[in-house]
Amino acid sequence: MTTGSNVHLLPQTNQLRALHTLIRDRNAPREDFVFYSRRIIRLLLESALDLLPFDKHEVTTPVGETYHGLKFASKLCAVPVIRAGESMEAELRDVHPGIRIGKILIQRDKTTKLPRLYYSHLPDDIARRHVLLLEPMLATGGSALAAVGVLTDQGVAERDIVLVNFLASPEGLRTVSERHPDLKIITSSIEDRLNENAYMVPGIGDFGDRYFGTVDSGAA
Ligand code: URA
């Protein structure tokens, strides 16, 4: 599952490829797009949690024996990058109820074309937490870099961040992992390349528009 030191690609099983096939179809109805995207998001989140540190922890089983187990070693926080990152929130709350959730809003400035931070709201103690940074689309990597910068400015160690990503371009992965070699990235697919409009190819189109229904797909 590991490609490069800190880039983790989900195992490309037939099931995962079938899920990707359903959502990449340009004619997929929106409710199918949301449903099957959420199944992939669930797989990503379960694997992201596995990248966090664990401590040994023993419990006594109902038959009076000791189970030599593990428990999470650190406090956790999730930070979705608005808007696409919010698509991962519901699944995250299902696997980790009560998780702290910060927010970051970064958009590309229309004039400079550079990512610009518009808003962030994070827990006060974020520097002492491990952070799941939810950024589903890693195209040029610009907004992910800006989001990581917001976290490290708040004192979060690079090695304590797991970037949870749905689709990545090779260029975006390279940009982020060269700048932040200790950051972990988990993704469900590495695409071929970016096209001239900075969309990934073969890609999925505009993930946020398709997930939140802000384009007319012809469906309800
Ligand atoms: N954002 C998207 O939603 N899709 C891409 O292909 C690139 C950026």
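Descriptive notes on the structure:
- Of all residues making up region 123-166, the number that are of a type in the set (F, W, Y) and on the phi > 0 side of the Ramachandran plot: 0
- Only a single item in (1) on the phi > 0 side of the Ramachandran plot; (2) touching a residue at least 40 places away in the same chain (Cβ under 8 Å) is not met by K113, and it is number (2).
- Pairs are defined by a Cβ separation below 7 Å, a sequence spacing of at least 6 or placement on different chains, a first member in region 197-220 that is more than 21 Å from E86 (Cβ to Cβ) and modelled with pLDDT of 95 or more, and a second member that is open to solvent by less than 30 Å² (accessible area, probe 1.4 Å) and part of a loop (DSSP other than H, G, I, E, B); the pairs so defined are V201/E191; P202/E191.
- Condition met for L145 (open to solvent by less than 50 Å² (accessible area, probe 1.4 Å) and closer than 27 Å to T21 by Cβ): no
- If you go through region 148-190 and keep only what is more than 20 Å from C77 (Cα to Cα) and open to solvent by 30 Å² or more (accessible area, probe 1.4 Å), you end up with P170, E171, R174, T175, S177, E178, R179, P181, I190.
- Within region 47-99, the residues that satisfy the criterion of being without any contact (Cβ under 8 Å) to a residue 24 or more places away in the chain, hydrophobic (A, V, I, L, M, F, W, C) and open to solvent by 20 Å² or more (accessible area, probe 1.4 Å) are F54, V59, V63, L70, F72, A73.
- Residue selected from region 1-33 under the condition closer than 20 Å to V215 by Cβ and either of a type in the set (K, R) or in contact with a Phe, Trp or Tyr (Cβ under 6 Å, 6 or more places away or on another chain) (or both), by the criterion most open to solvent (accessible area, probe 1.4 Å): R26
- Exclusive hit being more than 17 Å from H8 (Cα to Cα) and touching a strand residue (DSSP E or B) at 6+ places or on another chain (Cβ under 9 Å), set L134, L163, L138, L145: L145
- The set of residues in region 142-162 being within 13 Å of the chain's Cα centre (by Cα) and free of Cβ contacts under 8 Å to residues at least 40 places away in the same chain consists of V148, I161.
The values are calculated or read from the model by the stated rules, or taken from the named source; none is laboratory data. Note that this is a predicted model, so its numbers are computed, not measured. Every residue, glycine among them, receives a Cβ derived from its backbone with ideal geometry; neighbour counts consider all protein chains shown. Please note that ligands, DNA and RNA were not included when accessible areas were found on the heavy atoms of the full protein model with its side chains. Shrake-Rupley method; radii C 1.70, N 1.55, O 1.52, S 1.80 Å.
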